[in-house]
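Input: a single structure, listed below in structure tokens.
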Amino acid sequence: MWGGRYASGPAAVMEDINVSIDFDKRLYRQDIAGSKAHVAMLAEQGIVSRDDEAAITKGLDQVLAEIEGGSFAFKRSLEDIHMNVEARLAEIIGAPAGRLHTARSRNDQVATDFRLWVRDAADGLDAQLKDLQKALAEKALAEAATVMPGFTHLQVAQPTTFGHHLMAYVEMVGRDRGRIADARRRLNESPLGAAALCGTSFPIDRHMTAKALGFDRPTANSLDSVADRDFVMEVLAAATITAVHLSRLAEEIVIWCSSPFSFVKLSDAFSTGSSIMPQKRNPDAAELVRAKVGRILGAFNAIVVVLKGLPLTYQKDMQEDKEPTMDALASLSLAIAATAGMVRDLEANAPVMKKAAGQGYSTATDLADWCVRSLGIPFRESHHIAARAVGLASEKGLPLHKLTLADMQTVDKRITADVFSVLSVAKSVASRVSYGGTAPKNVRAQAKRWLKKLG
């Protein structure tokens, strides 16, 4: 492509380090779409003839069909997807193919292609995350009254419900979708027409190509257009946060499936066995989802490190943006799919969950709250009363609701029999009716609201 300047070809190792077709061939749809929009604009502006436009467009359609049909021969000697497509186009239509690159550079071409690819990936992730929200909300609705322990510091804290716990992830995933949508909105500007770095002297219409490719507008500065990949960093940052949320749920599934807990069961579809221990049932899908965050965060870090010291404008370093990004977003897509599958597959062990919810004197706060409401005692004093009651129950080896009224009155003589109306885990859960609280009626309402919103 630059034979007019160079008398000999590159060294073998130079070809190996320089070539990108091994991975950027995944941009073929975006590259061909960008080329078709570009040549249509060139023809509209009278820069190329309508006959050349027709020949180029028809030829590009043939290239697309060959790639999708599996008959296209990608050549490493041509370096990248752009030159592979253009070279094949020249074989098909001859000289008119040489007019396609008028008023553009591979710099703005790859920036456009990659924005289109990342935009498509973001749309795919959003659809998957929406499906995950539906899976979580549907399971939450079914398990709205299934009592389980809520934890702080991984210690039993207060009773909650399995449905309420799952709805927490619906909210998290909703924010994940919001971050991806925000990133998509900011990336949706077209670099096409920025050319190598300074724009072009040809009378192009960048608004026309931007509209044809579904962008909101063209980028406003030609240097920025080819020099930055902040749209990649932003999407990867959003992807990393999403992966962290998936990892936290995956960790809980691993814990819940373990024998000491036995809160839930995964079917054979999402479990594996052991090569030596026939009794084992391993939640490998959850463990692998938990691990994916490392690859996704690693990709974000890699792009930041590549870009942090680059002067304007385009540098070959930026070729390193694609492999980690493509790997990271594919990994996230797989993790979302696996998580949605596991959520739908989970079977709650309600009796075990309820028993665990009553351990650790989880209704002690309910006792303190009762003292405030019924006896008019300041909360700090009520807290001390509840703590003494826990101490007495612990000495007797009993849960709080199994203490007698006489036992309670040795802690504080003002306590009445009405206190037992709040000390069971079921009554504790039902009492948490504040907005966002764990009461089953709240959980049902929130799950239904989300399911209606998700459609």
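The values are calculated or read from the model by the stated rules, or taken from the named source; none is laboratory data. Quick caveat: nothing in here was measured; it's all calculated off a predicted structure. Virtual Cβ from ideal backbone geometry, glycine too; neighbours counted across all protein chains shown. The protein model used for the area step is the full one, side chains on, heavy atoms only, and it has no ligands, DNA or RNA in it. Shrake-Rupley method; radii C 1.70, N 1.55, O 1.52, S 1.80 Å.
Computed from label points 7 Å out along Cα-Cβ, the spacing between ILE92 and ARG295 is 3.3 nm. Would you mind checking the stretch 305-346 for residues with the amide N under 12 Å from a putative spin-label position 7 Å along Cα→C-beta of ILE17? Within reach of a label on ILE17: 317. Counting only protein heavy atoms and using a 1.4 Å probe, the accessible area of CYS198 comes to about 100 Å². The calculated FRET efficiency for VAL304 paired with ASP327, based on their beta-carbon distance and R0 = 25 Å, is about 0.95. When you restrict to C-alpha pairs under 8 Å that are six or more residues apart and normalise by the size of the chain, the relative contact order lands at 18 percent. Taking 0.36 nm per residue of separation and subtracting the current Cα-Cα distance, fully stretching the chain between ASP61 and GLU251 would add 63.7 nm.
At q = 0.22, 0.26 Å⁻¹, work out log10 I(q)/I(0) for the stretch 12-102 with the Debye formula, treating every Cα as an identical point scatterer and leaving solvent out; two decimals please. For the stretch 12-102, the Cα-only Debye profile gives -1.04, -1.30.
The angle separating the long axis of helix 28-44 from the principal Cα axis of greatest extent in the chain is about 50 degrees. For the Cα atoms of the chain, what angle does the longest principal axis make with the long axis of helix 230-257, in degrees from 0 to 90, nearest 10? Between the helix axis and the principal axis of the chain, the angle is about 30 degrees. From the residues ALA356, ALA393, ALA168, which one has its Cα farthest along the dipole of the chain in the positive direction, the dipole being from +1 and -1 charges on Cβ of Lys/Arg and Asp/Glu about the Cα centre? So the residue we want is ALA393. The charge dipole of the chain, taken about its Cα centre with unit charges on the Cβ atoms of Lys, Arg (+1), Asp and Glu (-1) only, comes to about 1940 debye.
If the chain linking ALA157 and ARG380 were pulled fully straight, counting 0.36 nm for each residue of separation and taking away their Cα-Cα distance, it would gain 78.5 nm. What fraction of the Cα pairs in the stretch 361-454, stated in percent, has a spacing above 22 angstrom? In whole percent, the long-distance tail amounts to 34. What FRET efficiency comes out for ASP418 versus SER262 if R0 is 30 angstrom and r is the Cβ-Cβ distance? Round to the nearest 0.05. E(calc), rounded to 0.05, equals 0.30. On a 23 Å Cα-Cα criterion, which of the cross-link pairs LYS139/LYS354; LYS265/LYS396; LYS211/LYS322 come out too long? Violating the 23 Å Cα-Cα cut-off are LYS265/LYS396; LYS211/LYS322.
Simple rule: put +1 on each Lys or Arg Cβ and -1 on each Asp or Glu Cβ in the chain, find the dipole, and look at PRO311, PHE231, ASN18; the Cα lying farthest toward the positive end is PHE231.
The listed residues ASP126, ASP51 rank as ASP51, ASP126 when sorted by accessible area, largest first, using a 1.4 Å probe. A crude spin-label estimate for the pair PHE202 and THR102, with each label 7 Å from Cα along the Cβ direction, gives 0.6 nm. Using the Cβ-Cβ distance between GLN409 and ALA220 with R0 set to 56 Å, the FRET efficiency works out to roughly 0.15. Given +1 at the Cβ of Lys and Arg, -1 at the Cβ of Asp and Glu and no other charges, the dipole of the stretch 262-363 around its Cα centre is 420 debye to the nearest 20. Charging the Cβ of each Asp and Glu at -1 and of each Lys and Arg at +1, and nothing else, the dipole of the stretch 107-355 about its Cα centre rounds to 560 debye. Shape summary: the stretch 107-355 maps onto an equivalent ellipsoid whose semi-axes, from the alpha-carbon gyration tensor, are 44, 18, 14 Å in decreasing order. Here the label points at VAL352 and ALA426, each 7 Å from Cα along the C-beta direction, are separated by 2.2 nm in the simple model.
Here's the picture: charge each Lys and Arg Cβ at +1 and each Asp and Glu Cβ at -1 in the chain, and of ILE241, PHE379, ALA90 the one pushed furthest to the positive end of that dipole is PHE379. Look at the alpha carbon pairs under 8 Å that are at least 6 residues apart: their mean separation over the length of the stretch 107-355 gives a relative contact order of 24 percent. Taking the longest Cα principal axis of the chain as reference, the axis of helix 379-396 is set at about 70 degrees.
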